[in-house]
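**Student:** Here you go, one structure.
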Amino acid sequence: MKIMGTPRTKDKGGMIRYFELVADVRDAGLTMRRAEWNYGLAFAASYAATTTTQELDTTLQLWREMEKEHNLSGNDVTFNVLFDAASKAGNFVLAEMIYDEMESRGIEFNRYHHVSLIHFFGLKMDADGLRAAYKEMVDAGEMIDTVALNCVIAGLLRCGEEDAAEHTYDRMKEGNALAPDMPQRDYM
């Protein structure tokens, strides 16, 4: 299950093979662990290049089955996948409901959730929310790396704040003394 759940590329064929394996496990009367359900959720949410309502619905159905039929409560990974899928599908109301459910269950936010929250506000084109999410990540003591900063830059660009994105990029370059100098733009 672990090998099939972590393929080299995520495509429709890999997802179908994984879900066939899930069906075989269920038919054999075996139980799946939370991690295996999370692989399925991640597959359902992200096998396509863009997340649509179809992928979101499939992900939510799997989550319901996991929690209602198999009595396995979601963990931080589960909720991060759900939140990310709802955000990418453009269903911001559902994403906020998932966020609230995560808080009500007392699930701790980790680095991945903070980055997803920054991405959420970028997709929502809410620059102030993006900045607040970034500040929350910094205040939580999470590692701020290229992935997090690229997410901030992409969100700022999506919000139409090119100057702020460029300033963030310049600060990012200044913070890395080992980075090579950018080539001159005159090509001479």
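**Student:** Okay, helix-only estimate at 222 nm for the chain: each DSSP H run of n ≥ 4 adds -39500 (n - 2.57), divide by all residues, round to 500 deg cm²/dmol; what do you get?
**Tutor:** Computed mean residue ellipticity for the chain: -20500 deg cm²/dmol.
**Student:** Could I get the Rg over Rh figure for the chain? Both from C-alpha atoms, Rh via Kirkwood, rounded to two places.
**Tutor:** Checking Rg against Rh, the ratio lands at 1.05.
**Student:** For the chain, set up a GNM with springs between Cα atoms under 10 Å and report which of Asp84, Asp126, Asp145 has the largest fluctuation.
**Tutor:** Asp145
**Student:** Using the Cα centre of the chain as the reference point, and only Cβ charges (+1 on K/R, -1 on D/E), how large is the resulting charge dipole? Debye, rounded to the nearest 20.
**Tutor:** Dipole magnitude for the chain comes out near 640 debye.
**Student:** If I model a spin label as a point 7 Å beyond the Cα along the Cα-Cβ vector, how far apart are those points for Met143 and Asp186 in nm?
**Tutor:** Taking the simple label geometry, Met143 and Asp186 are separated by 4.1 nm.
**Student:** Further question: To the nearest 20 Debye, how big is the dipole of region 78-175 about its Cα centre, given +1 on the beta carbon of each Lys and Arg and -1 on that of each Asp and Glu?
**Tutor:** For this selection, approximately 240 debye.
**Student:** Right, something else. Straight-line reach from Lys12: which lysines fall under 22 Å, measuring Cα to Cα and dropping same-chain residues less than 8 apart?
**Tutor:** Lys2, Lys88
**Student:** Over the chain, with a Gaussian network built from C-alpha contacts below 10 Å, which listed residue (Ala95, Ala28, Ala165) shows the highest mean-square fluctuation?
**Tutor:** Checking each option, the largest mean-square fluctuation is seen for Ala28.
**Student:** Normalising by the residue count of region 106-165, find the relative contact order in percent from Cα pairs under 8 Å and 6+ residues apart.
**Tutor:** Normalised by residue count, the contact order of region 106-165 is 38 percent.
**Student:** Tell me which residues come under 5 Å, amide H to amide H, from Leu72 once H is placed; ignore anything under 5 positions away on its chain.
**Tutor:** HN-HN under 5 Å from Leu72: Glu67.
**Student:** Right, another one. If you roll a 1.4 angstrom probe over the protein chains with everything in place, what fraction of the accessible area of region 1-96 belongs to carbon and sulfur, to the nearest %?
**Tutor:** Summing carbon and sulfur atoms, their accessible area is 51 percent of the total for region 1-96.
**Student:** While we're looking at this one, here's another question. Under a 10 Å cutoff between Cα atoms, tell me which one of Ile118, Ile98, Ile16 has the largest fluctuation in the Gaussian network model of the chain.
**Tutor:** Ile16
**Student:** Whole angstrom only: what separates the Cα centroid of region 20-70 from the Cα centroid of region 97-144?
**Tutor:** Cα centroid of region 20-70 versus Cα centroid of region 97-144: 24 Å apart.
The values are calculated or read from the model by the stated rules, or taken from the named source; none is laboratory data. Model, not experiment: these values are computed from the prediction. Cβ sites come from the backbone with ideal geometry, for glycine too, and all protein chains shown count toward neighbours. These accessible areas exclude ligands, DNA and RNA; they are computed on the full protein's heavy atoms, side chains included. Shrake-Rupley method; radii C 1.70, N 1.55, O 1.52, S 1.80 Å.
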